[in-house]
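The values are calculated or read from the model by the stated rules, or taken from the named source; none is laboratory data. These numbers come from a predicted model, not from an experiment. Here the Cβ positions follow ideal geometry from the backbone for every residue, glycine too, while neighbour counts run over all protein chains shown. When the accessible area is computed, the model is the full protein with side chains, heavy atoms only, and any ligands, DNA or RNA have been set aside. Shrake-Rupley method; radii C 1.70, N 1.55, O 1.52, S 1.80 Å.
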Amino acid sequence: MKNIGVAVIGLGGIGTLRAHSCAQIPQVGHLAICDIDPGKLDKFSETIKADIVTENYEEAINDERIQAVIVSTDEESHYGPAKLAAELGKPVLIEKPFVLNLDEADDIIAKAKQNGSLAFVGYTQRFRKRYLLAKESVEAGHLGDVVMAFGKIYVTRAVGEAVARRSPNTTPSINTLTYMVDLILWYMEGKTPVEVYARSASKVFKPYNRDDFQWMIVTFDD
Ligand SMILES: NC(=O)c1ccc[n+]([C@@H]2O[C@H](COP(=O)([O-])OP(=O)(O)OC[C@H]3O[C@@H](n4cnc5c(N)ncnc54)[C@H](O)[C@@H]3O)[C@@H](O)[C@H]2O)c1
């Protein structure tokens, strides 16, 4: 049954992956691809058979053939398309990091709720077997009450530079450690974080006005 129309906004590294996947899903009857870079649209409209090809995300998201939206722009530009999808009541998958400030995050969540829609953040690590098994073990009570969790994540310097170039306002925590924050909050479901203490320093990434690393201690209400 072909009955879902999906718009993929942003055809970079992850957006092309999402668009190729959507193009192979039999239930996706209509596909829109959108990027502000017309060169990317030219390049991918050869391999991704899309019904709507546009540089304007409003055109893609407003189209009545579209019922769901994937926002895979760089993080600086998640807010506009995610907000529009939420306003129109169209479920939206937003690549991590959700958005770059709390007001924008609250606004998208409120609009999705008001319009009976859903907003998901693409925390893809949750679908990895090792992290899923940990979640199942926590839920089954195999680990008892989890009183402490520790997570660390590294990226190469090349990845750090790519992120710094595409997003002037992100940080190692917002871009990368966010995966660990998500997993640990997921494992600690039901507990509320009440305090965050963080330290960071910048040396290698100083030319990008960016920290090299960030550590944080999150204290929960229990
Ligand atoms: N879930 C994962 O595993 C995963 C992996 C990598 C990246 N990401 C996240 O996905 C997002 C994209 O990362 P990327 O590496 O693909 O970035 P990228 O820079 O390769 O691609 C971003 C694309 O968005 C386009 N764009 C920017 N503003 C736009 C707008 N207003 N309308 C339409 N297109 C627009 C750019 O032209 C570019 O082609 C980031 O938020 C990143 O953190 C998630």
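Based on the Cβ-Cβ distance of M148 and Y208, what FRET efficiency does E = 1/(1 + (r/R0)^6) give at R0 = 22 Å, to the nearest 0.05?
Numbers: r = 33 Å, r/R0 = 1.51.
The pair M148/Y208 has a calculated efficiency of 0.10.
In the assembled protein chains, L41 presents an accessible area of approximately 10 Å² (probe radius 1.4 Å). Couplings for the range 70-76, taken from phi via the Karplus curve 6.51 cos²θ - 1.76 cosθ + 1.60 with θ = phi - 60°, read 10, 9, 10, 6, 4, 4, 5 Hz in order; Gly and Pro are left as x.
Given a 1.4 Å probe and the protein chains as shown, V196 ends up with an accessible area of around 100 Å².
Taking N as the number of residues in the chain, what is its Cα Rg relative to 2.2 N^0.38 Å?
Details: Rg = 18.9 Å, N = 222, 2.2 N^0.38 = 17.1 Å.
Normalised Cα radius of gyration, the chain: 1.11.
Over the residues of the range 125-220, compute the C-alpha Rg and express it relative to 2.2 N^0.38 Å.
Values: Rg = 15.4 Å, N = 96, 2.2 N^0.38 = 12.5 Å.
Taking N as the residue count of the range 125-220, the ratio is 1.24.
With R₀ fixed at 22 Å, the C-beta to C-beta distance from V28 to T124 puts the FRET efficiency at about 0.70. For V121, the residues whose amide H sits under 5 Å from its own are I94, ignoring neighbours fewer than 5 places away on the same chain, with H placed 1.01 Å from N. Per residue of the chain, the DSSP helices (runs of n ≥ 4 H) give a summed -39500 (n - 2.57) that works out to -11000 deg cm²/dmol at 222 nm. Rounded to the nearest 20, the Cβ-based charge dipole of the range 38-137 about its Cα centre (Lys and Arg +1, Asp and Glu -1) stands at 800 debye. Using a cut-off of 30 Å between Cα atoms, the listed pairs K96/K191; K43/K113; K49/K83; K90/K206; K113/K191 include K43/K113; K90/K206 as exceeding that distance.
Cut-off 19 Å, label point 7 angstrom out along Cα-to-Cβ of H20: give me the residues of the range 88-115 whose amide nitrogen falls inside. Residues passing the 19 Å test: 95. Surface calculation, 1.4 Å probe, protein heavy atoms: S77 sits at approximately 50 Å² accessible.
Semi-axes of the equivalent ellipsoid of the range 48-121 are 20, 15, 9 Å, computed as sqrt(5λ) over the eigenvalues of the C-alpha gyration tensor in descending order.
What is the dipole size for the range 121-206, taken about its Cα centre, with +1 at each Lys and Arg Cβ and -1 at each Asp and Glu Cβ, in debye to the nearest 20? Spell out each step's value before the answer.
Values: 13 positive and 7 negative charges, 121 e Å.
The calculation lands at about 580 debye.
A full extension of the chain between E136 and R157 corresponds to an added length of 4.2 nm, given 0.36 nm per residue minus the alpha carbon distance. In order along the range 78-91, the phi-based Karplus estimate (6.51 cos²θ - 1.76 cosθ + 1.60, θ = phi - 60°) of 3J(HN,Hα) comes to 6, 4, x, x, 5, 5, 4, 4, 5, 4, 7, x, 9, x Hz; Gly and Pro are listed as x. Residues V53, V99, V194 ordered from highest to lowest accessible area at a 1.4 Å probe: V194, V53, V99.
Taken about its Cα centre, the range 1-86 carries a charge dipole of about 420 debye when Lys and Arg each add +1 at the Cβ and Asp and Glu each add -1 at the Cβ. Per-residue Karplus couplings for the range 196-210, computed as 6.51 cos²θ - 1.76 cosθ + 1.60 with θ equal to phi - 60°, are listed in order as 10, 10, 9, 9, 8, 8, 10, 9, 4, 8, 3, x, 8, 6, 9 Hz, Gly and Pro entered as x.
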